[in-house]
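**Q** Handing you this structure, nothing more for now.
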Amino acid sequence: MQPQKQEGFNTIEVKVTRGDLTPEQFRGLAAIMREFTGGYARSTVQQNFVLRWVRDESVYDVWERLGELGLGDAGPREITDVVSCPGTDSCKLGITSSMGLNEAVSERLEAMQLSDELIRRIHIKMSGCPNGCGQHHIANIGFYGASIKVGERTVPAYIAHLGGSYEGGDVGFGTRLKSRLPAKRVPDAVERWVRFYEGGRTDGEEFNAFVERVGTAAFEEQVKDLAMPIEFSLENLNHFIDWSRSDPYKVERGEGECAV
């Protein structure tokens, strides 16, 4: 929540996990809008909703109503507010399950119980293909979908970008890493990079400044073993199945929502 310039009014950003709302949540939001915001709301590139013109005396009521809808979580635009495109859930151009990876990375970050303010500012985004729908190229840590050929089989994978920016008018693309990470190892890579930053930064040094100072090669070294080729076996079978899927992975492309 942030106070507006207009005295007595506030703006509330509603964190929408993975940008995914149920019909019941949509109807509940519509009721809140009619009652408290004059019937208006705005969507954001962070896949959240912004409610404006909420009176001071109504803030608690709105928070309670959002909680009843399962939309009362704190932390919009923070590290646990991960952004992804639909990927193979609905887009035929997507080659990886970016929504599934979003869930896996979010769960890992929540389990890490990150309270440091500078770490909380890190933005993580991912796309299910090289297109930029998930905004991976302007994230502090971004990923786009790829694949790794292992003999006659294929492993779902991601290529990382580090050091992108979009806040405060400073828009810049992140540096593409050479490492190609199997999809099931991406949460491990994210945890290592966050801990690498946490342990190696100077006082008050933000993530992008740390990336520029130590260089992307140092980040690649942190995940060198994760990028190693995977041999197909019963023990490694899980790596050949994408996140939130049960069938062996294969690359399939077609006309999708981005190509209409």
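The values are calculated or read from the model by the stated rules, or taken from the named source; none is laboratory data. Keep in mind that this is a model prediction, so the values were computed, not measured. Reconstructed Cβ throughout: ideal geometry from the backbone, glycine too, with neighbour counts over all protein chains shown. Ligands, DNA and RNA are excluded from the accessible area calculation, which covers all protein heavy atoms including side chains. Shrake-Rupley method; radii C 1.70, N 1.55, O 1.52, S 1.80 Å.
**Q** So how many residues does segment 158-181 have that are farther than 21 Å from S97 by Cα and surrounded by 19 or more Cβ atoms within 10 Å (Cβ to Cβ)?
**A** Qualifying residue count for the region: 3.
**Q** In this structure, does G94 turn out to be assigned to a loop (DSSP other than H, G, I, E, B) and either open to solvent by less than 10 Å² (accessible area, probe 1.4 Å) or on the phi > 0 side of the Ramachandran plot (or both)?
**A** On the way: assigned to a loop (DSSP other than H, G, I, E, B): yes; either open to solvent by less than 10 Å² (accessible area, probe 1.4 Å) or on the phi > 0 side of the Ramachandran plot (or both): yes.
Yes, satisfied.
**Q** Now, a different point. Taking the condition at pLDDT below 85 and either over 25 Å from G87 (Cβ atoms) or open to solvent by 40 Å² or more (accessible area, probe 1.4 Å) (or both), does E257 pass?
**A** Numbers: at pLDDT below 85: yes; either over 25 Å from G87 (Cβ atoms) or open to solvent by 40 Å² or more (accessible area, probe 1.4 Å) (or both): yes.
So E257 passes the test.
**Q** Using beta carbons and a limit of 6 Å, which pairs, at least six apart or on different chains, have the first residue in segment 15-32 and closer than 19 Å to W63 by Cβ and the second one open to solvent by less than 30 Å² (accessible area, probe 1.4 Å) and of a type in the set (D, E)?
**A** What qualifies is K15/D81.
Residue-wise test of (1) over 14 Å from M1 (Cα atoms); (2) modelled with pLDDT under 95; (3) loosely packed, with under 12 Cβ neighbours inside 10 Å.
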{"residue": "L21", "(1), (2), (3)": "yes, yes, no"}
{"residue": "A30", "(1), (2), (3)": "yes, no, no"}
{"residue": "E35", "(1), (2), (3)": "yes, no, no"}
{"residue": "Y40", "(1), (2), (3)": "yes, yes, yes"}
{"residue": "Q46", "(1), (2), (3)": "yes, yes, no"}
{"residue": "L51", "(1), (2), (3)": "no, no, no"}
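**Q** While we're here: Out of everything in segment 1-48 that is assigned to a helix (DSSP H, G or I) and of a type in the set (A, V, I, L, M, F, W, C), what residue ends up being farthest from M99 (Cα to Cα)?
**A** Taking segment 1-48 first, the residues assigned to a helix (DSSP H, G or I) are 17-19, 23-36.
From what's left, of a type in the set (A, V, I, L, M, F, W, C): 26, 29-33, 36.
Details: F26: 20, L29: 23, A30: 25, A31: 28, I32: 27, M33: 28, F36: 32 Å.
Ranking the candidates gives F36 first.
**Q** Please note which helices (runs of 4 or more DSSP H) are completely contained in segment 163-232 and include at least 3 residues that are touching a helix residue (DSSP H, G or I) at 6+ places or on another chain (Cβ under 7 Å).
**A** 186-200, 207-214
**Q** Additional query: Pick from segment 119-139 the residues that are among the charged types (D, E, K, R) and not in a helix (DSSP H, G or I): which of them is surrounded by the fewest Cβ atoms within 10 Å (Cβ to Cβ)?
**A** Going through segment 119-139, the residues among the charged types (D, E, K, R) turn out to be 120-121, 125.
Checking which are not in a helix (DSSP H, G or I) leaves us with 121, 125.
Values: R121: 15, K125: 31.
Ranking the qualifying residues of segment 119-139, first place goes to R121.
**Q** Restricting attention to segment 146-157, does a residue exist that is within 20 Å of L109 (Cβ to Cβ) and either open to solvent by less than 50 Å² (accessible area, probe 1.4 Å) or among the charged types (D, E, K, R) (or both)? Explain how you work it out, then say what you get.
**A** Filtering segment 146-157 down to residues within 20 Å of L109 (Cβ to Cβ) leaves none.
Taking every residue of segment 146-157 in turn, none turns out to be within 20 Å of L109 (Cβ to Cβ) and either open to solvent by less than 50 Å² (accessible area, probe 1.4 Å) or among the charged types (D, E, K, R) (or both).
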